[in-house]
Amino acid sequence: MENIQTNSFKAWILAARPKTLAAAATPVLIGCALAISDGTFQWIPALLCFLFAFSMQIDANFINDYYDYLKGSDREDRLGPERACAQGWITLKAMKKGLLWTTLLSCFWGLLLLKYCGLEMIPVGLLCVLFAFLYTAGPYPLAYHGWGDVLVIVFFGFVPVGCTYYTMAHDWTWEVTIGCAACGLVSDMLLMLNNYRDREQDKLSGKRTIVVRFGEPVGRWGYLALGILATCLCFLYAFSNHLGAALMPLLFLAFHFTTWRQMVRIKQGKQLNIVLGKTARNITLFGLLLSLGLIL
């Protein structure tokens, strides 16, 4: 990659990792689709939910960049996308200020949302900020002790899907629960692939992910199972006459199987980053198909 001027605008854009914003948008999209299907959709809170999700995603990227570098995880043998602090694009002092500002921005969008969702959502917003730090920071970084998959299912499934819907409908239904679980499972494919790719480096860094703990087959088959289980959950929408939501995610499986086969064929190394991009595409496709099925 070309030389990046330290702390430049381009450096901050790279540090924000804009490609990850699709993963943040997908749960909000599904929450909005559930609200549309129930006739409770509102534009302003929907927009605020997207803004909160985007700023929290960037905040989490900055936090992970900063604390993984401090812990020595971003070594020269890193296989994933390059990190800003490790590459010297952003200084540690500047990154610390950056993650502070993105945290405050997320809190700002959250405060605006209170007008629509009520004070009962304050603890949820605080937990989002807290766990963004606890993921890689503190004396017991959760990602380093195998809790990453649980956190993804909660904070990329139940929290954004359910809270987006609740903000507009002030209710929670079993259909919302299915959407939360399906979105969380399919979102975890991205983390499972990351952990599968980094299994050797994580072992050296003392990062005890599920793949490190239980071996390569768990990552390989776990990735496939997450997509299948998410799709199977959508079949339950047939009981509420949402036949589109029950059947349209089946189209996702064709892409999922193809991507999984490529992952198994490559097995290790930086080439798995190609699969990473396709996995992000598949997650977005799943969200679009499920949302379209709910709306129709």
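Where the centre of each part is set by its Cα atoms, how far does segment 13-48 sit from segment 109-153, in angstrom?
The distance from the Cα centre of segment 13-48 to that of segment 109-153 comes to 17 Å.
Assign unit charges at the C-beta atoms only (+1 for Lys and Arg, -1 for Asp and Glu), then state the dipole size of segment 9-295 relative to its Cα centre in Debye, rounded to the nearest 20.
Magnitude of the dipole: close to 960 debye.
Calculate the FRET efficiency for ARG213 and ILE274 from the Cβ-Cβ distance with a Förster distance of 25 Å, rounded to the nearest 0.05.
My answer for the efficiency is 0.45.
Long-range amide H contacts for ILE90: which residues qualify at under 5 Å (H placed 1.01 Å from N, peptide plane, sequence gap of 5 or more or a different chain)?
ASN7, CYS85
Name the chymotrypsin sites (Phe, Trp or Tyr not before Pro) in segment 115-173 that are in a loop by DSSP and that have at most 15 other C-beta atoms within 10 Å, would you?
TRP172
Given a 10 angstrom Cα cut-off, can you work out which residue in THR258, THR136, THR103 is the most mobile in a GNM of the chain?
Among THR258, THR136, THR103, the largest mean-square fluctuation in the Gaussian network model of the chain belongs to THR258.
Mean residue ellipticity at 222 nm from the helices of the chain, using -39,500 (n - 2.57) per DSSP H segment of n ≥ 4 over the full residue count, to the nearest 500 deg cm²/dmol? Please report the intermediate quantities before stating the final value.
Details: 15 runs with 215 residues, N = 296.
The per-residue figure over the chain is -23500 deg cm²/dmol.
Once phi is turned into θ = phi - 60°, what whole-Hz ³J(HN,Hα) does the Karplus curve with 6.51, -1.76 and 1.60 give for every residue of segment 57-68, x standing for Gly and Pro?
Each residue of segment 57-68 in turn: 5, 5, 4, 5, 5, 5, 4, 5, 4, 5, 7, 5 Hz.
Evaluate the distance, in nm, between pseudo-label points positioned 7 Å from the Cα of LEU114 and of PHE235 along their respective Cα→Cβ axes.
With each label placed 7 Å out from Cα toward Cβ, I get 4.5 nm.
Could you give each residue of segment 255-262 its phi-based ³J(HN,Hα) in whole Hz, using Karplus coefficients 6.51, -1.76, 1.60 with θ = phi - 60°, and x for Gly or Pro?
Each residue's phi maps through the Karplus curve to give 5, 5, 4, 4, 5, 4, 4, 5 Hz.
What residue among ASN195, ASN61, ASN241 has the largest mean-square fluctuation in a Gaussian network model of the chain, using Cα springs under 10 Å?
Most flexible of the set in this elastic network: ASN241.
Hey, what did the chain get for relative contact order, percent, Cα under 8 Å, at least 6 apart?
Over the chain, the number comes to 23 percent.
Computed from the coordinates by the stated procedures, all read-outs in this text should not be read as laboratory data. The structure presented is a predicted model; accordingly, all values stated were derived computationally and were not measured. Neighbour counts run over all protein chains shown; Cβ positions are idealised from the backbone, glycine included.
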